Amino acid sequence: MADNHEHTHDECCCEHNHEHACSCEHNHEDINKGQFLFKLIGGGFFLIAGYILNEVAEKGKIDLPDFSFLVCFMLSYLIVGFDIIKEAVEGVMHKDIFNENLLMTIASLGAFAVGEYSEGCMVVFLFTIGEFLQGLALDKSRKSIKNMLEAKVEVVNIIDGEKEKAISPEEVKIGDLMIIRPGEKLDIDGVITDGTSQFDMKSLTGETIPVTKGVGDSVLAGSVSLDGTVTVKAEKEYKDSTVSRILDMLEKSQDKKSHAQKFITRFARIYTPIVCLIAVLIMVVPPLFFNGQWHEWLYRGLSALVVSCPCALVISIPLSFFAGIGACSREGILVKGGNYLEILAKADTGVFDKTGTLTNGKFEFVTCEHNHCHCKDNQHRELLKIIAACERYSNHPIAKSINVAFGHYADECEVKDSKTYAGLGVSAIVDGVKYYVGNEKLMKEHCNDFKETNVIGTAIYCCSESEFMGDIVFADIIKQDSKDALKALKKLGIAKTVMMTGDKEEIAKDIASKAGIDTVYSRLMPDEKANIVSELQKSGSTVVYTGDGINDAPVLSQADVGVAMGGAGSDIAVEASDMVIMGDSLSKLAIGKKVAKKTIRIVHENIIFAIAVKLLIIIGCAIGIFDENAMWLAVFGDVGVCLIAIANSLRALRVGKIKNK
């Protein structure tokens, strides 16, 4: 993924604040409804008045001076088109010669010059309406994402001494005790110190089923307490909370452009000057060399100039990716950029970690084997105590299962110098004695009398610096949705599935057969996983790797798209991966793949539609088949096509159900 991770931000072809990189000088997000209504009513009134006076004068029913209807048209044009002219001049001053406003200004003033006053006014009038509707569409797409996460509470109630105090979320400090009542939303990550409640975490994980949390459980910002009052100890400041981090990721995702976006930016820089040149040739070549009428060919050329703006492409393509990222966010899938959606859409190989990805990562205890005596009927707890103490500070799913089951045995132990060996295990000094706890590879490095168990399952061995102590065996359980998720991914284009694990071969094959995995690699170290992904890439595969974010940084970076599972509160997962699934359901990867394919399909539809319509209208203007309707069709080819492309882009916000049958 080294090549894919060079996130450069191509400069827009104009110097302005414009998130979607349109080659126009204004910001579609600045929606001033009052100003728009003034232009619509005032400009519309004088346009209609001018049109009526012009019709009356032409039919000779009333003797009116020629300037009467011209004044009305001029007033309409100035009311509606003044800002367009102003921004056109500013664009030229910033060396953006082919900005959209300049094209509209030339075309509309040219229409006035050849006596087509109503068409000149309608060009700027319809263009202004189109721009307003575009702004509304863009604003809607952003709000649909941000409103999901950013319903920020105005105040947070904290315990200050013996009384309650209301402060803003930004004032909350690490260690403050916050009171969250039923119906209230938590704005800052923390740990429950008192009370129990069900929490709605849909805005984070996309899951509709509430999660019950009590004392000692972590609660993420964005969670809503449903039926209980809890006291939560703040673990982060607001600026570092999960919601704030997600919003920051979504904003930065716009800087990571897809190949399609980069292509459109480059295309617009070439396309616009060429089409403008064609429009000029339409204006001057027939009158100069073929005895054409200047009035007729100027009108045709100006019509071609109107339709030449690539706004439909440079607005709708980034908007499609933004909508796709938003659709993923709604489902609890965070995507760091449109480039990753594009790669995910074409990915043909899925590589999966076993523990915590295909399996629950919540291990069930099977047995305990002591080197000197078998642990029966809970009579010998020394081995369990030592292993639980050593695993106390580990984040590995097995370590968590050990501490849930046997952590209370080690409550009185003094643990020092805890150290993690990636892919091997841990070591720690427990009550003054150094122990190693981990897999058989770690034992072979530090223990001479090591004995491997014959029990099928995931074994955790323990030894001191002088002797082998024994082992405990856990069995991992496959997730309910893993098999269905893999079936869905195959239907969506993942032709090959691979599972990689540090576990034993027999355990790996058992899980793989239950899940429907094609290829299995077992007993792997983290760097070996990255090497396997590299070999798959060399064979021509586009690889999406999915893991739990623990010890996965090398392979997450190596894959074309690295996906971290269950990363709602993991800083490491968020930093190391390209996508984060805010939950533990593998089915969400299939949803992300479906959204990615839909987004790319919409992008291709918009490119083909916009270019085809514009070229047809330009050709029609050149050969004269549109006659007096040329300008109207040209306005449709610019504003109308842009609106249709934007509406099509917003379809990416809707996510259909995954069908496995």
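Across the range 421-435, coupling constants 3J(HN,Hα) worked out from phi with the 6.51/-1.76/1.60 Karplus curve, θ = phi - 60°, read 10, 4, x, 10, x, 9, 9, 6, 9, 10, 6, x, 10, 8, 10 Hz, and Gly and Pro carry x.
For the range 173-236, the fraction of C-alpha pairs farther apart than 13 angstrom is 54 percent. Working note: Debye formula, equal point scatterers on the alpha-carbon atoms of the range 364-475, no solvent; log10 I(q)/I(0) at q = 0.21 Å⁻¹ is -1.17. Hull volume per residue, based on the alpha-carbon atoms of the range 308-405 and their convex hull, is 141 Å³.
Neighbouring Cβ atoms within 10 Å as the yardstick, rank Asp627, Asp560 fewest first. Don't skip to the answer; put the middle values down first.
On the way: Asp627 10, Asp560 23.
By the 10 Å Cβ count, ascending: Asp627, Asp560.
Calculated on the alpha-carbon coordinates, the convex hull of the range 428-578 measures out at 139 cubic angstrom per residue. Pairs over the 20 Å Cα-Cα cut-off, from the set Lys346/Lys490; Lys213/Lys362; Lys39/Lys95: Lys39/Lys95.
Ranked by Cβ crowding within 10 angstrom, fewest neighbours first, how are Cys368, Cys328 ordered? Mind dumping the intermediate values first?
Working: Cys368 20, Cys328 30.
The fewest-first ordering by Cβ neighbours comes to Cys368, Cys328.
Working note: Karplus 6.51/-1.76/1.60 with θ = phi - 60° gives the range 493-510 the couplings x, 7, 6, 10, 10, 10, 10, 10, 8, x, 7, 5, 5, 5, 5, 4, 5, 5 Hz, where Gly and Pro are set to x. Lysine pair count for the range 364-475 (Cα-Cα distance under 15 Å; residues 8 or more apart in sequence or on different chains): 7.
Put a dot 7 Å past the Cα of Glu506, heading toward its Cβ, do the same for Asn291, and the two dots end up 9.8 nm apart. For Val543, the amide hydrogen comes within under 5 Å of the amide hydrogens of Asp560, Val561, counting only partners 5 or more places away or on other chains and with H modelled in the peptide plane.
The order of Trp297, Trp632, going from fewest to most other C-beta atoms within 10 Å of their C-beta, is Trp632, Trp297.
Read-outs: derived from the displayed coordinates by stated rules, not from any lab. Bear in mind the structure is a predicted one, so any value in this text is a computation, not a measurement. Every residue, glycine among them, receives a Cβ derived from its backbone with ideal geometry; neighbour counts consider all protein chains shown.
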